[in-house]
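Below is one structure, written out as C-alpha cells; comments come after it.
Throughout, read-outs are computed from the coordinates displayed, never taken from laboratory work. Computed from a prediction, not measured in an experiment: that's the story for all the values here. With ideal geometry, Cβ positions are generated from the backbone for all residues, glycine too; neighbour counts draw on all protein chains shown.
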C-alpha cells in the first residue's frame with residue numbers, strides 16, 4: 001500500500017517583513033508608547049517575534065484627544081464620498097500587502113497560513129470595500145436623511161482574528177463618520193499595526209485612526225472609562241463584556257458587545273452527511289476552535305449518531321496539525337499558554353465527568369502551544385463541556401430524537417451567538433431557524449462570513465450587529 | 001457509509017427506494033470541499049512521487065474515428081516506455097482503444113504489464129440494442145481486451161428505469177467473463193456530464209457498484225463537462241462507502257479534460273484524503289487521458305533537471 005507523504009511546503013517567513021520593534025500609532029504618527037516594552041511571541045515555537053513599545057494611560061489621553069480633534073475638524077466635515085475614497089484606499093492597501101499580512105498574522109496568532117491567506121486577509125479587505133460603498137449612501141440606509149455619526153469610538157478587539165476584527169470595527173465606524181481608537185489584543189498586536197501603516201499610507205487625516213496596543217486591564221479600561229469616548233465596541237469574552245457594560249452603565253456611551261458562544265450544530269438524519277461532516281470540522285476545528293461562533297456542540301439525531309461519528313473520526317484523521325506557515329497545515333497552534341491551559345482544564349473536566357474522549361493519532365511539535373483536535377461523545381447537557389465555552393478544538397457530541405428536543409437543547413445555554421442546521425428539507429430549516437435563539441444561523445454550512453451579512457448575538461453573547469446595513473446602526477446616532 | 005442495507009429485491013421500485021434513500025449531496029458544500037482539497041501544496045519529493053504514481057495510473061487513450069493501427073502501435077510503445085530517454089519512468093496502466101484496434105494493441109503490448117482496455121456497448125452514446133452492445137463486448141474480449149469500458153444508458157437512468165440500467169451492467173459483466181483468459185475488468189462509464197446533478201452522480205455510482213462494475217468512470221471524454229473535482233469527490237465517496245458496506249474494493253476512473261500534471265496531482269490528493277491510501281494504486285484508480293502523459297513527463301524532467309523542456313521533447317502520439 002502506497003502512502004502519499006506531503007513534503008513540507010512552508011511559506012517564507014521573510015514575507016512578513018517583521019521589524020525588531022513596533023510602535024503605537026497616535027495622531028497619524030508612530031511613536032513609542034509610554035507603557036512597557038513587551039515582546040510578542042510566536043505561539044508555534046514560543047520564540048519572540050518583536051518588541052512592542054506599548055501604550056500607557058497618557059497615550060490614551062493623547063489618542064482620544066487626537067480622535068476628537070479629527071472628528072470635529074475633518075472627518076465629520078468631509079462628504080461621505082470623500083470618506084469612501086479613503087476606505088477604498090485602505091481596502092486596496094490590504095490587498096496589496098495581503099501576503100505580508102497573512103504571514104504576519106500566522107506568525108503572531110498561530111493560525112494556519114491557508115486560513116490567514118484565504119479567509120482573514122481577503123475578508124478584512126472585503127469589509128473595507130463593502131463599507132466604503134456605504135459611506136456616501138447613508139441617506140438611503142433606512143435611518144432617515146443625514147444620519148449623524150457618534151463621535152469617537154473606542155474599539156477593543158480579541159486575538160483570534162486580529163486583522164479581521166480590526167477591519168470589522170474600523171470600516172463601519174469610519175464609513176459613518178466616526179474616528180476611532182483601537183486597542184488590539186496584547187498577544188496579537190502586529191497586524192493591526194501594519195494596518196495602521198496602511199492607514200497612514202492612505203493619507204487619512206491624522207487622528208482618524210489610532211492604534212494602542214497594550215494590556216486590556218489598563219488601556220482597555222482607560223478607553224472604557226474615558227469621558228470623551230462616545231462609543232465602546234468590544235469583541236471578547238462574556239466575562240470582560242459584563243465588566244464593560246457595568247462600567248458604561250449610567251454614562252452617555254453607546255455600547256456594542258460581541259461575546260462568547262456555545263453554538264449548537266444540529267444534524268438531522270436527512271442531512272447531506274458528507275457535507276455535514278465538513279461543516280462540523282469547519283465549525284469547530286477552524287482557527288483551532290478559537291472562534292466565538294464555533295459550532296462547539298454537535299447535536300446529532302440519534303438514528304445517525306454512529307454513522308456520523310465514524311465518518312467524522314475518519315475525517316479528523318486526515319487533519320494536518322502542525323507548523324502554521326506550512327501551506328498544508330489544517331490546524332495550527334493555540335494562541336497562548338493561558339488559552340492552552342484553559343482548553344486542557346475543560347477537556348480534563350469533560351473526561352472526569354464521564355464523557356468519552358477521542359483524538360486522531362497525531363504528533364505535536366515539542367515547543368509551542370498545541371492541542372490535538374478532540375471530540376467527546378456521550379456528553380450530557382449538564383456537563384461542563386456542554387455548557388462552558390472552551391474556545392479550543394474540542395467538540396462535544398450530544399444526541400436528540402425530535403426537532404423539539406433539538407431546539408430545547410440548543411437553546412439551553414446562556415449564550416446565543418450562532419447555530420447550524422443540517423437537513424435536506426427546506427421547510428425544516430425554516431421552522432428551526434424561527435425557534436433557535438441565536439444571532440447567526442447557518443443552514444447546510446457553517447462559519448461562512450460575508451461583509452454584507454450582519455453578525456451578532458442574543459442573550460449573553462452580546463448585542464449590536466456588525467456587518468451589513470445593520471452594522472451601520474452601531475456607529476450612527478439613530 | 002450508508003445505514004441502508006443493499007437491497008435484495010431488484011426491481012425499479014426497490015432500486016429507487018435504495019438510491020433515493022442515499023444521503024443527499026449539498027452541491028455548494030461538495031464544491032467547497034473539492035476546492036479546499038485543491039489548495040494542497042505538493043512540492044519536491046511529494047511531487048516526484050505523485051508524478052510517477054500518476055503516470056502509472058494513466059489509461060493512455062485514443063478514441064478517434066481517424067485512429068489507425070500505426071497510431072495505436074505508437075501509443076503502445078509509449079505506454080510501455082513513456083520516456084525513451086529515461087527507463088526509470090514507469091509504464092502506464094493501460095492503453096484504451098476502440099474494439100477493432102484491440103488486436104493491434106494486444107500484439108504491440110505483448111510481454112508488458114500494460115493492460116488493454118476497450119470501449120464497448122455502442123460507445124459513446126450507448127444507444128443500440130442490448131444484443132448489439134453485448135456483441136460489441138464479446139468481440140473486444142475475444143480480441144484480447146483485458147478491460148472493458150462500457151457506457152450506461154443515460155436515457156434509461158434519467159427516466160428512472162434503474163432496473164434496465166442495472167440489468168444491462170450485469171449482462172455486460174457476464175459477457176466480460178465469457179473469455180478464456182483471466183477475468184476481464186469492467187469499468188462503467190456514468191457520463192456524469194449528462195446526469196446533471198451530484199445526487200444523480202452518487203445514485204449512478206451506487207447502481208453501477210451494485211450491478212458489479214469493477215470501476216466507476218466519470219465520462220466518455222466526448223461530453224462536456226467531463227471529469228470535474230466535485231464529481232470525482234462524489235464517486236470516491238461512493239467507492240469508500242461501498243467498501244464500508246460490503247468490504248469490497250472497487251475503483252474509480254476519471255476521464256476527459258485532465259491535461260495538466262497539476263490537475264492529476266490534485267486528484268491524487270483527493271483520492272488520498274477522501275477514499276484513503278488503499279486507493280492509491282492503478283488497481284483502484286485510473287486517469288483516462290491522452291495529452292496528460294506528456295505534461296507529466298515534462299514536469300518529471302523539470303523536477304529532475306530543474307529546466308523545462310520544450311513541447312518537442314515529448315512525442316505527439
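Going from the residue with the fewest nearby Cβ atoms within 10 Å to the one with the most, A:143, B:242 rank A:143, B:242.
When you count the other C-beta atoms within 10 angstrom of each residue and take the mean per peptide, A:300-311, A:411-422 line up highest first as A:411-422, A:300-311. I need the Debye-formula profile for segment A:305-434: one equal scatterer per C-alpha, no solvent, reported as log10 I(q)/I(0) at q = 0.15 1/Å, two decimals. Reported log10 I(q)/I(0), two decimals: -0.85. All C-alpha to C-alpha distances of segment A:246-290, sorted into 5 Å bins beginning at zero, yield P(r) values of 5, 15, 17, 15, 10, 9, 9, 8, 7, 5, 1 percent in whole numbers. The relative contact order of chain A, computed from alpha carbon pairs under 8 Å that lie at least 6 residues apart in sequence, is 18 percent.
Ordered by the count of other Cβ atoms within 10 Å of each Cβ, fewest first, A:353, B:248 give B:248, A:353.
State whether segment B:1-110 is rounded, prolate or oblate according to the following rule on the C-alpha gyration tensor (a ≥ b ≥ c being the square roots of its eigenvalues): a/c under 1.5 gives rounded; otherwise a/b larger than b/c gives prolate, and the remaining case gives oblate. Working shown, then result.
On the way: a/c = 2.99, a/b = 1.46, b/c = 2.04.
It comes out oblate by the Cα gyration axes.
Distance distribution P(r), chain A, all Cα-Cα pairs, bin width 20 angstrom from 0: 25, 56, 18, 0 percent.
If R0 is 22 Å, the Cβ-Cβ spacing of residue A:201 and residue A:82 corresponds to a FRET efficiency of close to 0.80. If you take the square roots of the eigenvalues of the alpha-carbon gyration tensor of segment A:35-143 and sort them as a ≥ b ≥ c, do you get rounded (a/c under 1.5), prolate (a/b over b/c) or oblate? In terms of gyration-tensor shape, oblate.
Fewest-first ordering of A:326, A:118 by other beta carbons within 10 Å of each residue's beta carbon gives A:118, A:326.
A protection proxy built from the mean count of other Cβ atoms within 10 Å ranks the segments A:90-103, B:298-311, most packed first, as A:90-103, B:298-311. The Cα center of segment A:244-304 and the Cα center of segment B:34-55 differ in position by 34 Å.
For segment A:1-127, relative contact order (Cα pairs under 8 Å, six or more residues apart, normalised by length) works out to 25 percent. Rounded to the nearest 10 degrees, the angle from helix A:305-316 to the longest Cα principal axis of chain A is 60 degrees. Taken residue by residue and averaged, Cβ atoms of other chains lying within 10 Å of the Cβ of A:269-282 number 5. With the largest listed first and rounded to whole Å, the semi-axes of the equivalent ellipsoid of segment A:144-284 from the Cα gyration tensor are 31, 19, 17.
Spatial offset of segment A:134-173 relative to segment B:243-317 amounts to 49 Å, using the alpha carbon center of each.
The share of Cα pairs per 5 Å bin across segment A:370-478, counted from zero up to the longest distance, runs 2, 10, 16, 22, 20, 15, 8, 4, 1, 0 percent. Here the gap between residue B:64 and residue B:81, fully extended at 0.36 nm per residue and compared with their Cα-Cα distance, gives a gain of 3.9 nm. Restricting the calculation to alpha carbons of segment A:229-363 gives Rg and Dmax of 18.4, 54 angstrom.
Cα centroid separation, segment A:11-39 to segment A:323-337: 23 Å.
Compute the orientation-averaged projected area for chain B from the convex hull of its Cα atoms and round it to one decimal in nm².
Convex hull of Cα atoms, orientation-averaged projection: 15.6 nm².
Note on residue A:243 and residue A:363: the model spin-label points, each 7 Å out from Cα along the C-beta direction, lie 4.2 nm apart. If you plug the beta carbon distance of residue B:28 and residue A:34 into 1/(1 + (r/R0)^6) with R0 = 35 Å, you get a FRET efficiency near 0.10.
Computed from the Cβ-Cβ distance with R0 of 30 Å, the FRET efficiency linking residue A:425 to residue A:310 stands at 0.80.
Take every Cα pair under 8 Å in chain B that's 6+ residues apart, average their separations, divide by the length, and report that relative contact order as a whole percent.
Values: 576 pairs, mean separation 60.9, N = 317.
The value is 19 percent.
Please compute, for peptide A:310-319, the average count of beta-carbon atoms on other protein chains lying within 10 Å of each residue's beta-carbon.
Partner Cβ neighbours, averaged per residue: 2.
Beyond 21 Å, what share of the Cα-Cα pairs of segment A:84-158 remains, rounded to the nearest whole percent? Above the 21 Å cut-off, segment A:84-158 has 43 percent of its Cα pairs.
When you work out D = kT/(6 pi eta Rh) for segment B:208-317 at 4 °C and 1.567 mPa s, using the Kirkwood radius from C-alpha pairs as Rh and the Stokes-Einstein form, the result is 87 µm²/s.
Relative to the longest principal axis of the Cα atoms of chain A, the long axis of helix A:190-201 makes an angle of roughly 40 degrees.
With respect to chain A, whose longest principal axis is taken over its alpha-carbon atoms, helix A:238-248 is tilted by about 30°.
Each of the peptides B:262-269, A:184-191, B:223-230 was scored by the mean count of other Cβ atoms within 10 Å over its residues; in descending order, highest first, they stand as A:184-191, B:262-269, B:223-230. Taking the DSSP beta bridges with both ends in the protein assembly as shown, the antiparallel portion is around 20 percent.
Scattering from segment A:69-216 was approximated by placing one identical point on each alpha carbon and applying the Debye formula without solvent; log10 I(q)/I(0) at 0.10, 0.13, 0.20 1/Å stands at -0.32, -0.53, -1.17. Each residue, residue A:14 and residue A:453, gets one label point 7 Å from its Cα in the Cβ direction; the gap between the two is 3.9 nm.
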